[in-house]
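The next block holds one structure in the form of structure tokens; read it before the comments.
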Amino acid sequence: MKVSIRARRAVLACVVVLALAPRAARAEEEAIESEAGLGALSAVCTLFYGPAKVVYALSGLIFGGLAWGLSGGDGDVLKAVVTPAVRGDYVVTPSLLRGDRPIEFFGKDPEYRASAPESTPETVEQVY
């Protein structure tokens, strides 16, 4: 029984495809397992981090109100105390665990973020 070259190539191609398919599926499963692990870890971290942030925010509101009253109603004093306490992250996400951006416990004013210096260099005018 003679097998043609085309049949051999077809069988070889099928073997190669079947041999490579489980590896691709395994890599996909590892990515899913990694994301699931990060999701579970972020949920556990949030169980501890979230309540601490809420307590800090509530105490910031209380002390901000006291500071506002003691300063004679100065809104800037209130903002200086309340903004770091109330703004920031309340939930730990997988992107925070990966290090895509830092966890922000002490919040920043949105005006500060908008006025942050850009990475582009300024053009300098030369005077002769």
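With the crude spin-label approximation of a point 7 Å out along Cα→Cβ, what separation in nm comes out for Arg8 versus Ser59?
7.9
Only Cα pairs under 8 Å and at least 6 apart count here; give the relative contact order of the stretch 54-109 as a rounded whole percent.
Numbers: 60 pairs, mean separation 18.9, N = 56.
Once normalised by length, the contact order is 34 percent.
Only the coordinates and a few stated rules stand behind these numbers; no lab work does. Predicted model, so just to flag it, every value in this text is computed and none were measured. Quick reminder, even Gly has a Cβ in these numbers, built from the backbone with ideal geometry, and neighbours come from all protein chains shown.
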